[in-house]
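A.B. asks: I'd like to ask you about the structure that follows.
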Amino acid sequence: MRTAPIAIFAYRRPEHTARLLRSLLSNPEAQTSRVVAFCDGPRSEEDVPLVARTRQVVAASGLRHLEVVERPHNMGLAASVIDGVTRLCEAHGRVIALEDDLILSGTFLRYMNDALDRYEDEPGVLHVSGFMYPVGLEASCDALFMPFISSWGWGTWARAWRAFDPAPSPGTAVLSDPDLRRRFDLDGSYGFSRMLRRQLAGRSDSWAIRWYLSVFNRGGLSLFPRRSLVENAGFDLDSSHCTGPRPPHASSVASELEVRAFPPVAVDEETFARVKALLAVDSTLLARGLRLLRRRAAEAARWHRRNVLGGETTP
């Protein structure tokens, strides 16, 4: 098995980063893998001690083949991910990408590396996801294909990443063609086109919506495990992108599934239908309103803690 280089993206959450690193080290392949930790720089003076502690946690991880890239200034997550993935794809032809708020199973790296080997020369496969939605399926294979991506513990190849468009046109056909837009939104189940509009209007900065658009425009598929090998533990007050309680579609925990049986390259329609139904729950007007209220409450709590109580932000 050829081990892909691993890109870790960390910022100002030392405890989250330490938890990710512990889970990574539970994978036997971690000590033979090249690991590059891209540590973003502080956005403000109050970030400085947390950024420093996060970098100390990374340096003390015990990973044998570790390189730490300390950003002198704050790039932001999207720019950091795009730069890091591009660097490693250009140098090594493939990459596994991890953000600091993930928890991995002990079988994650075996699955990722096996999948990157198996589908390396399949032009229709552009993305490998370690996360799987909690739909409780029983499949004949241990993995399956769907026509969209997940950004929570993933991998790709240089030949796929070359299709990535970091600056899509505001006139992209996905937004102007109703049929394309509906497909992009998974038959209307989830508001990916709203996310794309926000990105194009400069109201958000997401690498993931741009990568999904690039995969969609190529008609690409993503491989998912039958049960999730990744947990997103980043839904808390200090998350930059996932504030508040975890929504139903993000509630998977990291299982110890051993992925042995891989599928042919075709969409698993039954599973895709179940995932769309789950995502639709989170895309209603009520669900979006509740998320907005949680986000505003979290922002108010942060402001009160910092400015009234004078406490340090919990990492």
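A.B. asks: Filter segment 201-220 for residues that are open to solvent by less than 50 Å² (accessible area, probe 1.4 Å) and not in a loop (DSSP other than H, G, I, E, B) and give the result.
C.D. replies: Result: Trp207, Ala208, Ile209, Arg210, Trp211, Tyr212, Leu213, Ser214, Val215, Phe216.
A.B. asks: I'm trying to understand the selection: among the residues of segment 97-119, which are acidic (Asp, Glu) and in contact with a helix residue (DSSP H, G or I) (Cβ under 8 Å, 6 or more places away or on another chain)?
C.D. replies: Once the filter is applied, which keeps residues that are acidic (Asp, Glu) and in contact with a helix residue (DSSP H, G or I) (Cβ under 8 Å, 6 or more places away or on another chain), segment 97-119 yields Glu99, Asp100, Asp101.
A.B. asks: Of the residues Val125, Val81, which single one is over 30 Å from Glu45 (Cα atoms), modelled with pLDDT of 95 or more, of a type in the set (Val, Ile, Thr) and open to solvent by less than 10 Å² (accessible area, probe 1.4 Å)?
C.D. replies: Selected residue: Val125, the only one of Val125, Val81 that is over 30 Å from Glu45 (Cα atoms), modelled with pLDDT of 95 or more, of a type in the set (Val, Ile, Thr) and open to solvent by less than 10 Å² (accessible area, probe 1.4 Å).
A.B. asks: One residue is enough: does segment 72-94 have a residue meeting the conditions closer than 26 Å to Ala254 by Cα and in contact with a Leu (Cβ under 7 Å, 6 or more places away or on another chain)?
C.D. replies: Within segment 72-94, one or more residues are closer than 26 Å to Ala254 by Cα and in contact with a Leu (Cβ under 7 Å, 6 or more places away or on another chain).
A.B. asks: Something else about it: Residues in segment 246-268 that are at pLDDT below 95 and either outside any loop (DSSP other than H, G, I, E, B) or acidic (Asp, Glu) (or both): how many?
C.D. replies: Count: 3.
A.B. asks: Right, another one. Among the residues of segment 19-32, how many are out of contact with any Gly (no Cβ under 7 Å at 6 or more places or on another chain) and surrounded by 20 or more Cβ atoms within 10 Å (Cβ to Cβ)?
C.D. replies: 5
A.B. asks: Moving on to the next point. Looking at this structure, is Asp187 open to solvent by 10 Å² or more (accessible area, probe 1.4 Å), touching a residue at least 24 places away in the same chain (Cβ under 8 Å) and farther than 28 Å from Leu88 by Cβ?
C.D. replies: So Asp187 fits the description; yes.
A.B. asks: Quick check on this structure: which one of Arg110, Arg194, Arg198, Arg181 is basic (Lys, Arg) and over 19 Å from the mean Cα position of the chain (by Cα)?
C.D. replies: Arg181
A.B. asks: Mind checking which residues of segment 87-103 are assigned to a strand (DSSP E or B) and either more than 14 Å from the chain's Cα centre (by Cα) or more than 21 Å from Leu223 (Cβ to Cβ) (or both)?
C.D. replies: Arg94
The values are calculated or read from the model by the stated rules, or taken from the named source; none is laboratory data. Since this is a predicted model, take the numbers as computed values, not measurements. Positions of Cβ are generated from backbone atoms using ideal geometry, with glycine treated the same way; all protein chains shown enter the neighbour counts. Side chains are part of the model used for accessible areas, which takes the heavy atoms of the whole protein and leaves out ligands, DNA and RNA. Shrake-Rupley method; radii C 1.70, N 1.55, O 1.52, S 1.80 Å.
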